[in-house]
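What follows is calculated from the coordinates using simple rules that are stated; it is not laboratory data. Fair warning: this is a prediction, and the values are worked out from it, not measured in the lab. With ideal geometry, Cβ positions are generated from the backbone for all residues, glycine too; neighbour counts draw on all protein chains shown.
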Amino acid sequence: MKPPPFDYFRPASVAEAVGLLADHAGEAKILAGGQSLVPLLNFRMLRPGILVDINRLTELDFMREDDDGLRIGALTRHHALEMSPLVRQRFPVLAEAMAHIAHLAVRNRGTIGGSLAHADPAAELPLLAALLDAEIHTSAAAGPRQHDACDFFLGPLTTTLAEDEIVTEIALPVLPPRTGSAFEEFAVRNGDFAIAAAAATVNLANGKVAEARLAVTGVGETPLRLRAIEVGLVGQSLAPDVLAAAADQAREMVEPISDLRASAEYRRHLVGVLTGRVLKAAWTRALDAAA
Ligand SMILES: Cc1cc2nc3c(=O)[nH]c(=O)nc-3n(C[C@H](O)[C@H](O)[C@H](O)COP(=O)(O)OP(=O)(O)OC[C@H]3O[C@@H](n4cnc5c(N)ncnc54)[C@H](O)[C@@H]3O)c2cc1C
C-alpha cells in the first residue's frame, strides 16, 4: 500500500512548524514517529495535502526534572521512556507500561506526543497521562495552551487539539513519598493493543490510604479515571475484602463495547480483575516505600 500524494515539510524549529500548520490548517498533519499516521495514510483513511515532519525538532526531545515533577518533550520515544533511570525512579508505572506498547521497533520510533494526539482508546500513554494528572502543553499561532489530560481525550482518535496545534511537552506532577504504583494489561499476544488495561497509584499516611488513583482503558471511548473508587479507598487498608469490593465496583462503572477482539461481558470481567491486581500491587509497593 502506498500513501496518497502529499507535500512534505521538515521544519527546523517549533516556531516554523507552528507557522506551517497555521498556513495549511485543515490540510496539514504532523508526522512524528509515523507508527499510527503512516498506516492511516497507506490505507487511505487520511488524505492530508501536507505532512509536517517534526523529527528534526530536537528541542522537543528531552526529559527534565524540576521541583514540580517531570517534563517530557513531545518527541520523546516510547523506548526512551522505558529505559530512562529518571522515569524508572520517579514514575516507575510509566516505565512499566511502556514495555507493553507494541514491539521494540515500534517503541524506537513512536513518540509520547504522537500517542497522546492519536488518542487510540486502548493505548497505554493516554491511560498513564490520565492516571498521573499530566498537563499537555501545546503551541499554535493563537499562542500556547495547557490541557489537563483527563479532559484532553474526547473519543476514539479525537482530542481537544485544534488543527494547527502541536503538542510540545507533557508535565507530570511529582508523586509524594510513600506512593506505590502499578500497571496491568491483558492482550491476546505480547505486543498487541490491550483488550483492557488498568493502572493505579496509592499514597499512604499512617499506614492507610491517603490518596488513591485508578484509571482503566479499553473499556470506553477514552481512558477513564474511576473516581468513585478512588474516593472510597481513602482511609482504608487494602485488605482482600476491600480489593474485591473495588473490583466489583469497577465492573459496574464501565460500559464496554463488544467487538471482534472481545465481548463487552469479557471486558467487564477483565476490568475487575485488573483493578484488583493494580490496587493490590500499588498498595504493597506503597507499604514497601513507607517501611
Ligand atoms: C504494529 C504496531 C503496534 C502498535 N501497538 C501499540 C500498542 O500496543 N499500544 C499503543 O499505545 N500504541 C501502539 N502502536 C502505536 C504507536 O504507539 C504509535 O507510536 C503512537 O500511537 C503514535 O505515535 P507516533 O509518534 O508514531 O505518531 P504519528 O504516527 O507520527 O502520528 C499520530 C497522530 O498524532 C499526530 N501527532 C504526532 N505528533 C504530534 C504532536 N507533537 N502534536 C500534535 N499532533 C501530533 C499526527 O499528526 C497523527 O495524527 C502500535 C503501532 C504499530 C505500527
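Considering the range 20-36 alone, what residues qualify as being within 6 Å of the ligand (Cβ to nearest atom) and within 22 Å of E59 (Cα to Cα)?
Of everything in the range 20-36, those that are within 6 Å of the ligand (Cβ to nearest atom) and within 22 Å of E59 (Cα to Cα) turn out to be K29, I30, L31, A32, G33, G34, Q35.
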Restrict the check to the range 264-274 and report whether at least one residue is among the basic types (K, R) and touching an Asp or Glu at 6+ places or on another chain (Cβ under 7 Å).
-> no
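If we scan the range 180-188, do we find a residue that is within 15 Å of the ligand (Cβ to nearest atom) and part of a loop (DSSP other than H, G, I, E, B)? Before you say what the answer is, go through the steps one by one.
First, the residues of the range 180-188 that are within 15 Å of the ligand (Cβ to nearest atom): 183-188.
Adding the requirement that they be part of a loop (DSSP other than H, G, I, E, B) leaves 187-188.
Yes, the range 180-188 contains at least one residue that is within 15 Å of the ligand (Cβ to nearest atom) and part of a loop (DSSP other than H, G, I, E, B).
Per-residue answers, yes or no, for (1) free of Cβ contacts under 8 Å to residues at least 60 places away in the same chain; (2) away from the ligand (no atom under 11 Å from the Cβ); (3) surrounded by fewer than 19 Cβ atoms within 10 Å (Cβ to Cβ):
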position: A123; (1), (2), (3): no, no, no
position: I136; (1), (2), (3): yes, no, no
position: L161; (1), (2), (3): yes, no, no
position: G191; (1), (2), (3): no, no, yes
position: A197; (1), (2), (3): no, no, no
position: L204; (1), (2), (3): no, yes, no
position: A212; (1), (2), (3): no, yes, no
position: A215; (1), (2), (3): no, yes, no
Name the pairs: first residue in the range 24-38 and without any contact (Cβ under 8 Å) to a residue 24 or more places away in the chain, second residue near the ligand (Cβ under 6 Å from one of its atoms) and of a type outside the set (D, E, K, R), Cβ to Cβ under 8 Å, at least 6 apart or on different chains?
-> K29/L37
Any helices (runs of 4 or more DSSP H) falling wholly within the range 212-290 and containing at least 1 residues that are in contact with a Pro (Cβ under 6 Å, 6 or more places away or on another chain) and among the aliphatic types (A, V, I, L, M) = 264-290
Collect the residues in the range 75-97 that are assigned to a helix (DSSP H, G or I), surrounded by fewer than 24 Cβ atoms within 10 Å (Cβ to Cβ) and either near the ligand (Cβ under 6 Å from one of its atoms) or free of Cβ contacts under 8 Å to residues at least 60 places away in the same chain (or both), keeping them in residue-number order.
-> H79, A80, E82, M83, P85, L86, V87, R88, Q89, A95
Kindly list the number of the only condition in (1) at positive phi; (2) more than 10 Å from the ligand (Cβ to nearest atom) that fails for L157.
-> (2)
